[in-house]
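Novice: Please see the structure below; I have some questions.
The values are calculated or read from the model by the stated rules, or taken from the named source; none is laboratory data. These numbers come from a predicted model, not from an experiment. Note: ideal-geometry Cβ built from the backbone for every residue, glycine included; neighbour counts use all protein chains shown. Protein only, heavy atoms only, side chains kept; ligands, DNA and RNA dropped before computing areas. Shrake-Rupley method; radii C 1.70, N 1.55, O 1.52, S 1.80 Å.
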Amino acid sequence: MRLTRLSDDQEITIGNELAERYFVATTKLSPEEQGLQEYVRRVGGTVASHAHRRLLPYAFHFVPNHSLINAFSLPGGYVYVGEGPLDLMSSEDQLAFILGHEIEHVDHYHCAERVQMEARLRNLKLGIVGALVQIPLEVWEAGYNKDEELEADREGLRLSVLGGYSPYGAVSLFEKLDTLHAEYVIHAKSPEQELSELAIQSVEGPIRSPQSVSLKRKG
């Protein structure tokens, strides 16, 4: 499918429309949730300062929803981290890597190309207000192809290191995912374990994000 690259302004406009479509503030964050929101914003801002497309208004959001078990990004610079997978994390270095990974899906136009492809498949006009209402949130949660995910891994790690974080955050996160895979996927022998398997698969797919109430940065 042949695509014409969107301008930054076009991509930002599309991202704004999608963000308003998916997330309407209906509840006030608790003090603890507000603290996590500020924390995610601080780490994300540090990592994003080293992105290639630094003129994009990157915005980082903590979503206080246990059923949202991943991290994902939207065109224009929106990055969301669900509450559920953050429980997997044990360090700020891990969070920095995950946010870097999602930034790179924007930075390398993966998000912009995804919305263009979805628009063509659904016969939508990107320039018309409200046209994107037919694109479900699951499109962004589903992740990307293997090459794009590896690119986001590689470049996201680079961003986190440039931001002063340890590369071992990524290593320890992958090790934890491997352990969870061995415990819950390979040995699933009951309906309950099968449900756990589905959760783990959604986390380890396109580098799903995590959280811990007591995130501590490694030395």
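Novice: Can you give the extra length, in nm with one decimal, that the chain gains between Arg120 and Arg54 once fully stretched, where that is 0.36 nm per residue apart less the Cα-Cα distance? Don't skip to the end; give the middle numbers.
Specialist: Values: separation 66, 0.36 × 66 = 23.76 nm, distance 2.81 nm.
20.9 nm is the gain from fully extending Arg120 to Arg54.
Novice: Figure the gain on full extension for Ala142 and Thr4 (residue separation times 0.36 nm, minus the Cα-Cα span) and round it to one decimal in nm.
Specialist: Working: separation 138, 0.36 × 138 = 49.68 nm, distance 2.32 nm.
Difference between extended and current length: 47.4 nm.
Novice: Suppose the Debye formula is applied to equal point scatterers at every Cα of the range 45-94; what is log10 I(q)/I(0) at q = 0.17, 0.20, 0.21, 0.22 Å⁻¹?
Specialist: -0.57, -0.75, -0.81, -0.86
Novice: Please compute the net charge surrounding Asp107, taking Lys and Arg as +1 and Asp and Glu as -1 over other residues with Cβ under 11 Å from its Cβ.
Specialist: Details: positive: Arg53, Arg54, Arg158; negative: Glu102, Glu104, Glu151, Glu155.
Charge balance near Asp107 sits at -1.
Novice: In the range 16-122, what chymotrypsin sites (Phe, Trp or Tyr not before Pro) fall in a loop by DSSP, with at most 15 other Cβ atoms inside 10 Å?
Specialist: On the way: sites: Tyr22, Phe23, Tyr39, Tyr58, Phe60, Phe62, Phe72, Tyr78, Tyr80, Phe97, Tyr109; in loops: Phe23, Tyr58, Tyr109.
Counting only loop positions with at most 15 other Cβ atoms within 10 Å, the chymotrypsin sites (Phe, Trp or Tyr not before Pro) in the range 16-122 are Phe23.
Novice: Tell me the carbon and sulfur percent of the accessible area for the range 1-128, rounded to whole percent, probe radius 1.4 Å. Can you show the working numbers first?
Specialist: Details: 3020 of 5890 Å².
Roughly 51 percent, rounded to a whole number.
Novice: Between Asp87 and Tyr168, how high is the FRET efficiency from 1/(1 + (r/R0)^6) when r is the Cβ-Cβ distance and R₀ = 22 Å? Nearest 0.05. Before the final figure, lay out each step's value.
Specialist: Working: r = 20 Å, r/R0 = 0.90.
Plugging the Cβ-Cβ distance into 1/(1 + (r/R0)^6) gives 0.65.
Novice: Same structure, new question: Just order 147-153, 134-140 by mean Cβ neighbour count inside 10 Å, highest at the front, would you?
Specialist: Top of the packing list down: 147-153, 134-140.
Novice: Turning to a different aspect of this structure: Once you charge only the Cβ atoms, +1 for Lys and Arg and -1 for Asp and Glu, what is the size of the charge dipole of the range 1-138 about its Cα centre, to the nearest 20 debye? Could the numbers behind the result be given before it?
Specialist: On the way: 12 positive and 18 negative charges, 124 e Å.
The calculation lands at about 600 debye.
Novice: 7 Å from Cα along Cα→Cβ at both His61 and Leu29: what's the point-to-point distance in nm?
Specialist: Modelled inter-label distance: 1.1 nm.
Novice: For the range 51-166, what is the accessible area per residue in Å² when the probe is 1.4 Å? Intermediate results must be reported in sequence, preceding the final value.
Specialist: On the way: 4500 Å² over 116 residues.
For the range 51-166, the per-residue accessible area is 39 Å².
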